[in-house]
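What follows is one structure encoded as C-alpha cells, with my remarks underneath.
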Amino acid sequence: MLEADKNFLDVNPFGIDKGKSILKVAICLNTDIKDVIAFGDSSNDYEMIEAAGVGVAMGNATADTLEICDAVTTSNDEDGIVKYIKEFVLN
C-alpha cells in the first residue's frame, strides 16, 4: 500500500491518474513516452513515474516513490528539477 499524504487529498475521475495523463500529453505532443522525464515526490506521482521513460524522485520523496524511481535528485527546496536537467539533459 502506498503511503498516505496527510496534507492534501487528490480527487480524480474514476480510472484517471497522472500516469494515464502523461501518456495522453505525450501522444498529443507526438513524443515517445521513453523520452519523457517525470519528477515526483509523493504517492500520487507513483503511476506517472512508472509511465515515464525516466522517473525521478525528489530528495524529499516518500519511501514508496523512492522505491520505484530510476533516479533521485535533491529536494524541491534545493531546486532538484533544475539540477537534474542541467546535469543529465543539457550536458
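Select from segment 35-62 the residues that are of a type in the set (Gly, Ala, Ser) and surrounded by fewer than 17 Cβ atoms within 10 Å (Cβ to Cβ) and list them in ascending order.
At the first step, the residues of segment 35-62 found to be of a type in the set (Gly, Ala, Ser) are 38, 40, 42-43, 51-53, 55, 57, 59, 61.
Listed by number, the residues that qualify are 53, 59.
Can you pull out the residues in segment 22-43 that are within 12 Å of the chain's Cα centre (by Cα) and small (Gly, Ala, Ser)?
In the first step, residues of segment 22-43 are kept if they are within 12 Å of the chain's Cα centre (by Cα); the result is 22, 36-43.
Listed by number, the residues that qualify are 38, 40, 42, 43.
Criterion first (more than 29 Å from residue 77 (Cβ to Cβ) and either modelled with pLDDT under 95 or surrounded by fewer than 11 Cβ atoms within 10 Å (Cβ to Cβ) (or both)) does residue 32 satisfy it? It would help to see each step written out before you state the result.
On the way: more than 29 Å from residue 77 (Cβ to Cβ): yes; either modelled with pLDDT under 95 or surrounded by fewer than 11 Cβ atoms within 10 Å (Cβ to Cβ) (or both): yes.
So residue 32 fits the description; yes.
If we scan segment 5-26, do we find a residue that is in contact with a Lys or Arg (Cβ under 7 Å, 6 or more places away or on another chain) and either of a type in the set (Asp, Glu) or not in a helix (DSSP H, G or I) (or both)?
So the first thing to find is which residues in segment 5-26 are in contact with a Lys or Arg (Cβ under 7 Å, 6 or more places away or on another chain), and the list is none.
The answer is no; no qualifying residue exists.
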**OP:** Among the candidates 10, 70, single out the residue that is of a type in the set (D, E, K, R) and modelled with pLDDT of 90 or more.
**Re:** 70
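The values are calculated or read from the model by the stated rules, or taken from the named source; none is laboratory data. Being a predicted model, the structure only gives us computed values, none of them experimental. So basically every Cβ, Gly included, is an ideal-geometry build from the backbone, and we count neighbours across all protein chains shown.
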